[in-house]
Amino acid sequence: QVQLVESGGGLVQAGGSLRLSCAASGRTFNNYAIAWFRQTPGKDREFVAAISSSGLTTDYADSVKDRFTISRDNVKNTVYLQMNSLKFEDTAVYYCARANYPVRYSGRYEYWGQGTQVTVSS
């Protein structure tokens, strides 16, 4: 069974940095794209960033394009989201998810992690 586990969230002041990790199970990790989404209570999940199976293609939401970096280590079966210059509006539960291709539509992602809370204070 596919398992995705996020970690690395926490409380950080505005302007600070966090690195989130998404650890995946299975021997076929390298065949799939991974994306990060975020969600606040009462709102739909928002696309943050995605990366192709090879790591050669990345995509970012405009709101995070110059501040966040998605990367992957296929040997460790882990995808990372480096978040710099954090803002209050980045506060959300962050989820990683798996799909065949790095698209922005959340409905294309079949497997999701449990989420990790990121809280940015000022």
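The table below gives the values:
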| read-out | value |
| --- | --- |
| Extreme residue, modelled with the lowest pLDDT, among residues of segment 3-27 that are in contact with a Phe, Trp or Tyr (Cβ under 9 Å, 6 or more places away or on another chain) and open to solvent by 50 Å² or more (accessible area, probe 1.4 Å) | GLN3 |
| Qualifying residue in segment 57-75 (condition: touching an Asp or Glu at 6+ places or on another chain (Cβ under 8 Å), within 23 Å of VAL2 (Cβ to Cβ) and hydroxyl-bearing (Ser, Thr, Tyr)) | no |
| Strands (runs of 3 or more DSSP E) completely within segment 53-120 that count 1 or more residues being touching a residue at least 12 places away in the same chain (Cβ under 8 Å) and open to solvent by 40 Å² or more (accessible area, probe 1.4 Å) | 58-60, 68-73, 78-83 |
| Residues satisfying the stated conditions in segment 32-52, i.e. touching a residue at least 40 places away in the same chain (Cβ under 8 Å) and over 16 Å from VAL103 (Cβ atoms) | ARG38, GLN39, THR40 |
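The values are calculated or read from the model by the stated rules, or taken from the named source; none is laboratory data. On a predicted model such as this, the values are computed, not experimentally measured, just so you know. In this analysis, Cβ positions are derived from the backbone assuming ideal geometry, glycine residues included, and neighbour counts consider all displayed protein chains. When the accessible area is computed, the model is the full protein with side chains, heavy atoms only, and any ligands, DNA or RNA have been set aside. Shrake-Rupley method; radii C 1.70, N 1.55, O 1.52, S 1.80 Å.
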